[in-house]
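Report on the structure given below.
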Amino acid sequence: MNREGKLPKLDREYNYHNRMIERQLEKLNALNIEVNNVKEELNSANNQLNITKGELLSLEENRN
């Protein structure tokens with residue numbers, strides 16, 4: 001850290017802006033994970049809906 005103090009602020013590894021960027025990247029990664037989880041849930045629900053539609057069509061065909 002002593003060597004860091006001699007560098008210009010923009011070149012320091014632990015300056016305020018770098019920490020803010022790291023926090024924003026962590027938030028972005030968390031949101032990407034959440035989006036992927038929601039997409040998986042949506043795909044699962046869509047698959048279940050398609051199965052139910054297929055079963056319904058099969059029952060209607062058997063009626064006729």
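Restricted to the range 1-37, and to residues that are among the hydrophobic types (A, V, I, L, M, F, W, C) and in a loop (DSSP other than H, G, I, E, B), which residue is least open to solvent (accessible area, probe 1.4 Å)?
At the first step, the residues of the range 1-37 found to be among the hydrophobic types (A, V, I, L, M, F, W, C) are 1, 7, 10, 20-21, 25, 28, 30-31, 33, 35.
Filter once more, so that each one left must be in a loop (DSSP other than H, G, I, E, B): 1, 7.
Working: MET1: 156, LEU7: 73 Å².
Among those residues, the one meeting the criterion is LEU7.
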**OP:** Starting from the range 3-31, take each residue that is at pLDDT below 85 and list its partners that are basic (Lys, Arg) and open to solvent by 90 Å² or more (accessible area, probe 1.4 Å), counting only C-beta distances under 7 angstrom and pairs at least six apart or across chains.
**Re:** ASN15/LYS9
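With respect to ASN62, is the statement that it is surrounded by 10 or more Cβ atoms within 10 Å (Cβ to Cβ) and either among the polar types (S, T, N, Q) or in contact (Cβ under 8 Å) with a residue 12 or more places away in the chain (or both) true?
Numbers: surrounded by 10 or more Cβ atoms within 10 Å (Cβ to Cβ): no; either among the polar types (S, T, N, Q) or in contact (Cβ under 8 Å) with a residue 12 or more places away in the chain (or both): yes.
Against the criterion (surrounded by 10 or more Cβ atoms within 10 Å (Cβ to Cβ) and either among the polar types (S, T, N, Q) or in contact (Cβ under 8 Å) with a residue 12 or more places away in the chain (or both)), ASN62 does not qualify.
The values are calculated or read from the model by the stated rules, or taken from the named source; none is laboratory data. These figures come from a predicted structure and were not determined experimentally. With ideal geometry, Cβ positions are generated from the backbone for all residues, glycine too; neighbour counts draw on all protein chains shown. Areas reflect the complete protein model, heavy atoms only, side chains present, ligands, DNA and RNA absent. Shrake-Rupley method; radii C 1.70, N 1.55, O 1.52, S 1.80 Å.
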